[in-house]
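The next block holds one structure in the form of structure tokens; read it before the comments.
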Amino acid sequence: MPAALLVFGTAAPSIPAQAGSAVPGLGDCPLYGDVRICSGQVASWDKALLDVDLTLPQPDTGDRHPLIVLLHGFGNNKHEWESVRDAGDGADKWHWNNHWFAERGFYVLTYTARGFFDDGVTRADQPATPAGVPAPCIRPGSACPPNGTIHLKSREFEIRDTQWLAALVAQAYPDLDVNQVAISGGSYGGGESWLQATQPVWNANTFVTPAPTPALPILQLQVAIPKYPWTDLAYSLAPNGHPGPFDATIYSSSQGSPTDPTDTGQGNPLGTEKSSYIAGFFLQGLIQGIFEAGTTTPTYEEGPINIPAWAARALAGDPYDVAGAEDSLVAQIRRGLTEFRGSFYQDEAWAAELTSREVAVFSVSGWTDDLFPPVESFRQFKYLKSLDAQWPVALTVADVGHPRAQNPAVEWRPINRQAWEFLLDQITGSHRQQTNVLSMPTVCGAPSGGAGGRIQSLTAGTPEELFNGSLTVQYATAGNLRNANLPPNEDPDNLQTDPVVGFETGASGCRKSLTPAAFPDTTARYTAYSVALDRSRIFVGLGHVDLTYTLLAAATATLNARVWDVAPDGTALLMTRGSYRIDTPAYNTTTQAIQLPLFGNHWTLAAGHRIRLDLTQVDYPTFLPSNSLGAILTFPGAQLVLPTREAGDLTIPGA
């Protein structure tokens, strides 16, 4: 008998085949492969009809059954975490899908988030459960039942949807153990998984007035497993590069402070928008759903919001303030993407867990994820550990997530095994314990051992403890960068290193550089090389670029960095990148020493290789250029600091 079943008991009779579900709105529960899935449109707390699938636990898996909610990514639908086999897609969904959990006695709730619709496109391994309302039914003016609008995981809307649907399932199935609830999701669903972790008690009765009769069951969330998530949506979409006000380190860089008494996300300047991602997501939302555009009745704390207006304002760029005060729409964006959509800003909720029960969290981030890089998990880990060193929060970082990530099966499979073990340990009652940060390397080319093989991983107590020393490159060449905001071909590396454009054009996850000779304008990009390394070093952590700039002819500017591993034959592979937004006089001065944080990596630098540093004001379309045309940044030199697994601080000069 599998050990997992011992957690839930084995003496109960099996669940009989059911012609229909007891959840209002769910219809028949036919077999898909060897699991039963009930499908239908279920009214949420505000009557929005949501497209829901409920996978029933397999027979003979006990008399009490836990519940797991699996949440899809932006633009996807309820099918993302569904499969007719345990193996799923062989990687991210391997042993992490509705089939896997149902076989082990779980009820599995999957649903299409409000505002989106099921486009009918599925992987070969996914069950063909029926879709909910078709696309025309969610368009303005349609006579079809509405399924709500996209609120970008607002705690006032999507967070309530999940808890409401979970309560309906628990009410319909008395054998569901309301004290054993877990949640997981990737990207859009990963951000919600972190937000749900701020609410250990799910009481959907408080969402409507008067409360439901009979009252809905109250559920206890024990475990959250966010995959490639955000914890600060403002910083992830527009990193400012400034250290976090929480502990003044780059490992907690954020938009603002979690303890800001105004709850407005204040602390750092609005950052550099990831323009290709923001534009891509907005287009995807227009095609596969409908955004909230100010139509919601302003009875909630957040009030009416207009997501298309947010996107337009963000992509219009700086300046964001007039006479030292942010314009009203920018202020709403700042508050909306922090206090209402970021787990990092739920300080009152996290503090309340200290006196009751701390939700256990196993968060998975990607070293090569240019959308939600590891700092999204790092800042939240550090904050929770500052509240309680025994908070049950564990992290894994690997070459996974959004592009540029390669998402190899050889990394996803051990990650999912660890996540499953963590879930089993905590699902019966989350409890304080010592936890770790695990890191897997980025490997360009096929890792040895295949999908079932092993690669070397590192474990430490904190993100900073992954490294024991540093490799510093001192580039003595002075820089003089101008903002001409010219087309992407001004810098031949812009397009091919962009995570969206490069991914869509089939470029490798390990981005290669064009030859420097193709670069026409030395005042638009600073490029410098180190001498060749005399020994191998393992770069693991974030890293940073240190310099003292002088800003001329403008009040704002953006400084972007790319760091390359250059082989003796000249092949250059992109290791990491970063961005820092200069905003004077509110947050910066015209001459200032700064530390530009990088997204980080776990990467082996071989002996004989050189390290190339690019600095530029324009790295478009990845980052939105400043509107301060003609801005000039000068600096006497730059210093690159990469944390290394090896002990000791090694310093080498620029070539």
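The values are calculated or read from the model by the stated rules, or taken from the named source; none is laboratory data. Note that the structure is a prediction, hence the values are computed from the model and not measured. Cβ placement follows ideal geometry from the backbone for every residue including glycine, while neighbour counts extend to all protein chains displayed. Accessible surface areas use protein heavy atoms only, side chains included; no ligands, DNA or RNA. Shrake-Rupley method; radii C 1.70, N 1.55, O 1.52, S 1.80 Å.
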Share, in percent, of DSSP beta bridges within the chain that are antiparallel, nearest 5: 70
Linear extension gain, T651 paired with D175, 0.36 nm per residue minus alpha-carbon span: 165.1 nm
Total charge dipole magnitude, the stretch 266-389, about the Cα centre, Cβ charges on Lys, Arg, Asp, Glu only, Debye to nearest 20: 200
Relative contact order, percent, the chain [alpha-carbon distance under 8 Å, six or more residues apart]: 12
Residue (of L71, V361, P643) at the positive-pole extreme of the chain, dipole from beta-carbon charges: P643
Helix 409-426 axis, angle to the chain major axis (alpha carbon atoms, nearest 10°): 50
FRET efficiency, D60 to D28 (Cβ-Cβ, R0 22 Å, nearest 0.05): 0.50
C29, C444, reordered so the largest accessible area comes first (probe 1.4 Å): C444, C29
Distance between modelled label sites at R123 and I455, nm, 7 Å Cα→Cβ extension: 1.8
Average projection area in nm² (convex hull over Cα atoms of the stretch 214-287, one quarter of hull surface): 8.8
Virtual spin-label span in nm between Q418 and K512, 7 Å along Cα→Cβ: 3.1
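Using the Cα centre of the chain as the reference point, and only Cβ charges (+1 on K/R, -1 on D/E), how large is the resulting charge dipole? Debye, rounded to the nearest 20.
680
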Farthest positive-ward along the chain dipole, Cα basis, beta-carbon charges - from A409, L49, S83: A409
Segment A351-E464, length gained on full extension (0.36 nm per residue, minus Cα span): 38.3 nm
Rounded to 10°, Cα long-axis angle of helix 375-387 versus longest principal axis of the chain: 70
Prolate/oblate/rounded label for the stretch 330-416 (Cα gyration tensor, a/c 1.5): oblate
Extension gain, A606 back to S328 (0.36 nm per residue minus Cα-Cα distance, nm): 95.0 nm
Two-site label geometry, T295 and Q390: point separation in nm, points 7 Å out along Cα→Cβ: 5.1
Shape call, the stretch 112-253: gyration tensor on alpha carbons, a/c limit 1.5: oblate
Folded to 0 to 90 degrees: helix 275-288 orientation relative to the chain principal axis, Cα: 30
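For each pair in K93/K227; K78/K153; K93/K385; K78/K227; K153/K227, compute the distance between the two Cα atoms and list the pairs where it is over 19 Å.
Flagged as over cut-off: K93/K385.
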Within the stretch 248-304, GluC sites (Glu not before Pro) in DSSP loop having at most 12 other beta-carbon neighbours inside 10 Å: E301
Virtual paramagnetic centre 7 Å along Cα→Cβ of D534, amide N under 17 Å, in the stretch 582-618: 606-611
Solvent-accessible area per residue for the stretch 513-655 (1.4 angstrom probe, square angstrom): 33
Correct option for Rg/Rh (Cα atoms, Kirkwood Rh) [calculated from the coordinates] among (i) 1.12; (ii) 1.02; (iii) 0.97: (iii)
Solvent-accessible area, 1.4 Å probe, carbon plus sulfur percent, for the stretch 256-315: 65
